[in-house]
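This report refers to the structure that appears directly beneath it.
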Amino acid sequence: MHVAIAGAHGQIARRLTRLLAARGDTVTGVVRNPDHAADLGSDGARPVVLDLEQASVEQVADVVRGADAVVFAAGGGAGSGIARKDTVDRAAAVLLADAAEAAGVRRYLLVSSYGVDAVADGATPDGVDEVFVAYLRAKLAAEQDVLPRHGLDTTVLRPVTLTDDPGAGTVHLAPSVDRGEVSRDDVAAVLVALLDTPHTGVLELTGGDTPVAEAVAAA
């Protein structure tokens, strides 16, 4: 399998790359910062330096053409403001979808966020700072743009609060889950399984007792 990952230097993305490379898959990793290219190479990816906030559909399509799937794992980052929540978490996700369609890549995995339903229909949840509200709105807008596309087979994965704990290899994966925690290791493992067992629609992910492969097959 050939997988192109946008935001390939992120913590989940690097784990995903290492899992895919270890089993012999080809990974193209898209990063904005050229200083990150060496890390991607050590993970087993072919790094491509491209700023998704500035790139055209044609530029991104050239990068993902020939891939079997694309994964959007980019984000504006914890220190970014409201503007970059829109330009990265929404617009770059939409750009990757546009490029995948243009390149004839149907399989699209979008790493979203638990809690986006709290901002549906313009709602503003209580006790949430404005930057995080903007983040949730950007993620929801990306989902709403990408999911209905007939040219893509899209899975949206909404993990709950992320931890750096070692992966348990067991999760709870369903259209709706309760708030909790899940390790980044387990998120990456679920993404691999979703690439192997295509699913279209929205799935939420938290820690649980079901082995990853069984959880994805059941979903």
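The values are calculated or read from the model by the stated rules, or taken from the named source; none is laboratory data. If you're wondering where the values come from, they're calculated on a predicted model, not measured in any experiment. Cβ atoms come from the backbone with ideal geometry, glycine included; neighbour counts cover every protein chain shown. The area values use the complete protein model at the heavy-atom level, side chains included, leaving out ligands, DNA and RNA. Shrake-Rupley method; radii C 1.70, N 1.55, O 1.52, S 1.80 Å.
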From ALA13, ALA92, ALA97, ALA22, which residue is open to solvent by 60 Å² or more (accessible area, probe 1.4 Å), among the small types (Gly, Ala, Ser) and touching a residue at least 12 places away in the same chain (Cβ under 8 Å)?
ALA22
Working only within the range 163-178, note down all residues that are aliphatic (A, V, I, L, M) and surrounded by fewer than 21 Cβ atoms within 10 Å (Cβ to Cβ).
ALA168, ALA174, VAL177
What residue, among those in the range 190-216 that are over 17 Å from LEU16 (Cα atoms) and at pLDDT below 95, is most open to solvent (accessible area, probe 1.4 Å)?
THR200
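Table: residues versus (1) open to solvent by 10 Å² or more (accessible area, probe 1.4 Å); (2) free of Cβ contacts under 8 Å to residues at least 60 places away in the same chain.
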{"position": "ASP35", "(1), (2)": "yes, yes"}
{"position": "GLN59", "(1), (2)": "yes, yes"}
{"position": "VAL70", "(1), (2)": "no, no"}
{"position": "ALA78", "(1), (2)": "yes, yes"}
{"position": "ARG84", "(1), (2)": "yes, yes"}
{"position": "ALA103", "(1), (2)": "yes, yes"}
{"position": "VAL111", "(1), (2)": "yes, no"}
{"position": "THR124", "(1), (2)": "yes, yes"}
Limited to the range 33-58, what total is found for residues that are in a helix (DSSP H, G or I) and touching a Lys or Arg at 6+ places or on another chain (Cβ under 6 Å)?
1
Is one or more of the residues making up the range 16-36 touching a His at 6+ places or on another chain (Cβ under 9 Å), among the basic types (Lys, Arg) and either at pLDDT below 95 or within 21 Å of TYR135 (Cβ to Cβ) (or both)?
yes
Given (1) modelled with pLDDT of 95 or more; (2) surrounded by 15 or more Cβ atoms within 10 Å (Cβ to Cβ), index of the condition GLU181 fails:
(2)
Within the range 88-132, which residues are at pLDDT below 95, of a type outside the set (S, T, N, Q), out of contact with any Lys or Arg (no Cβ under 9 Å at 6 or more places or on another chain) and not in a helix (DSSP H, G or I)?
ALA123, PRO125, ASP126, GLY127, VAL128, ASP129
Apart from one, (1) out of contact with any Gly (no Cβ under 7 Å at 6 or more places or on another chain); (2) open to solvent by 30 Å² or more (accessible area, probe 1.4 Å); (3) more than 20 Å from GLY10 (Cα to Cα); (4) assigned to a strand (DSSP E or B) all hold for THR154; the odd one out is (2)
Among the candidates ALA134, ALA141, ALA168, which residue alone is farther than 14 Å from GLY115 by Cα and hydrophobic (A, V, I, L, M, F, W, C)?
ALA168
